[in-house]
Amino acid sequence: MIWDLHCHLSGVDGSTPDERIAMLMEYADRMGVERLVFFMGMNWSHEPTPDDLRQQNHEVLQAISHWHDRAFGFAYVSPQHVEASLEEIGRCIANGPMVGIKLWVAGKCSDEAIDAIIERAAELKAVIFQHTWFKVTGNLPGESSPLDLLTLARRHPQVPIICGHTGGDWERGIRAIRAASNVSIGLGGFDPTAGVTEMAVRELGARRVIYGSDIGGRSFASQLAKVKGADIPDKARQLILGQNLRRLLLPILREKGIEA
């Protein structure tokens, strides 16, 4: 069972969300990826306006509308626009088919302004995915690092949160969030360097490690290689490739009557 945590509608051919998701599903079929999580639309902005958030979520809603047996959506939200984000959570999750939220680079997650978004997502049992990075050139002004996520996780110790990209610099990222037992890491979207998955399993335990690709920015094959080529027990591999993500999604899927 392979479930992909981290998919986008960008980086592939197609002039509409429907055309793009169809192509991505064709790629997924080749690689044996059964279910995929999509967030953010066809064109991105580092500092999206409320209209941008609505448009990008609309595109994801359209894309998954014909693929409910295989595709899940996360609502794209921003701590720069808390009220608009809460409205999007209501529209897309509470009253729509989406099952999680995606936070990108508009504001650091260590800022307490984000708390209302986290609390509302947690009330709905929605999965929370936060992009993180450690950049040698310096992060964008509102871009979170795993250390920012650690600050957030300590304010909400009962809320499961996913550390996107493992911070890019994965050795630092794994160590940064190690003490926060409510934080899992997403393996998608950075180079498939040997040893990353082994270290993650050793330091965090296999139940806190989740496969994702970041397609179309990266390929299924290069990101699956991190897990399939790792020197880890088969049980750990099964958890990482699908069982952990299914476990995190299961509470909200049951609420919505979605079979998993």
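Taking amide H positions as placed 1.01 Å from N in the peptide plane, with prolines and chain starts having none, which residues 5 or more places from GLY100, or on another chain, fall under 5 Å of its amide H?
When sequence neighbours closer than 5 places are left aside, the close amide H contacts are ALA75, VAL127.
Could you please report the charge total around THR151, scoring K, R as +1 and D, E as -1 over all other residues with beta-carbon less than 10 angstrom from its beta-carbon? Could the numbers behind the result be given before it?
Details: positive: LYS108, ARG154, ARG155; negative: ASP111, GLU112, ASP148.
After counting each charged neighbour, the total is 0.
Placing +1 at every Lys and Arg Cβ and -1 at every Asp and Glu Cβ, with all other atoms neutral, what dipole size does the stretch 3-255 have around its Cα centre, in debye to the nearest 20?
Details: 27 positive and 31 negative charges, 208 e Å.
Using only the charged Cβ atoms, the result is roughly 1000 debye.
How big is the dipole moment of the stretch 111-260 about its Cα centre under a simple scheme where the beta carbon of each Lys and Arg is +1, that of each Asp and Glu is -1, and everything else is neutral? Debye, nearest 20, please.
Working: 20 positive and 17 negative charges, 102 e Å.
In total the dipole reaches around 500 debye.
Take the Cα radius of gyration of the stretch 133-237 and divide it by 2.2 N^0.38 Å, with N its residue count; two decimals is plenty.
Details: Rg = 13.2 Å, N = 105, 2.2 N^0.38 = 12.9 Å.
Against the empirical 2.2 N^0.38 Å value, I get 1.03 for the stretch 133-237.
Given a Förster radius of 45 Å and the C-beta distance between THR49 and ARG175 as r, what FRET efficiency does 1/(1 + (r/R0)^6) yield to the nearest 0.05?
Numbers: r = 36 Å, r/R0 = 0.80.
With a Förster radius of 45 Å, E is 0.80.
Hey, with R₀ at 30 Å, roughly what FRET efficiency would ASN95 and ARG207 work out to, going by the Cβ-Cβ distance, to 0.05?
On the way: r = 32 Å, r/R0 = 1.05.
Taking R0 as 30 Å, the efficiency between ASN95 and ARG207 is 0.40.
So what is the calculated 222 nm ellipticity per residue for the chain, using -39500 (n - 2.57) for each DSSP H run with n of 4 or more, over all residues, to the nearest 500 deg cm²/dmol? All intermediate terms of the calculation are to be shown ahead of the outcome.
Details: 10 runs with 100 residues, N = 260.
Theoretical 222 nm ellipticity from helices: -11500 deg cm²/dmol.
If you take every DSSP beta bridge fully contained in the chain, what fraction is antiparallel? Give it as a percent rounded to 5.
Details: 0 of 24 bridges.
The antiparallel proportion sits near 0 percent.
If you wrap the chain's Cα atoms in a convex hull and average its projection over all directions, what's the area in nm²?
In nm², the orientation-averaged hull projection of the chain is 12.0.
Tell me, GLU203, GLU259 in order of fewest to most beta-carbon neighbours within 10 Å? Numbers along the way, then the final one.
Working: GLU203 15, GLU259 6.
The order, fewest Cβ neighbours first, is GLU259, GLU203.
For the residues MET31, MET42, MET1, what sequence is obtained by ranking on other C-beta atoms within 10 Å, fewest first?
Working: MET31 15, MET42 19, MET1 12.
Fewest to most other Cβ atoms nearby, the residues stand as MET1, MET31, MET42.
Please compute the length gained on full extension between ARG246 and GLU83, using 0.36 nm multiplied by the number of residues separating them and subtracting their Cα-Cα distance.
Fully extending the segment from ARG246 to GLU83 adds 55.7 nm.
Would you please give the residues with an amide H less than 5 Å from that of PHE72, counting only those at least 5 places away or on a separate chain, with H modeled from the backbone geometry?
Under 5 Å from the amide H of PHE72 lie the amide H atoms of LEU36, VAL37, PHE38, each far enough along the sequence or on another chain.
Using θ = phi - 60° and the Karplus curve 6.51 cos²θ - 1.76 cosθ + 1.60, what whole-Hz ³J(HN,Hα) does each residue of the stretch 65-80 get, with Gly and Pro shown as x?
Values, residue by residue: 4, 9, 10, 5, 6, 10, 10, 10, x, 10, 6, 7, 9, 8, x, 6 Hz.
Before anything else, pin down the relative contact order of the chain: Cα pairs under 8 Å, at least 6 apart, normalised by residue count, whole percent. Please list the in-between numbers first.
Numbers: 529 pairs, mean separation 47.0, N = 260.
After rounding, I find 18 percent.
If you average over every viewing direction, what projected area does the convex hull of the Cα atoms of the stretch 70-203 give, in nm²? Each step should come with its number before you reach the end.
Working: hull surface 32.9 nm².
Result: 8.2 nm².
How large are Rg and Dmax for the stretch 1-137 when only the alpha carbon atoms are used, in Å?
14.6, 43
Rule-based calculations on the coordinates, nothing more; no lab input. The structure presented is a predicted model; accordingly, all values stated were derived computationally and were not measured. Glycine also receives a Cβ, built like all others from the backbone with ideal geometry; neighbour counts cover every protein chain displayed.
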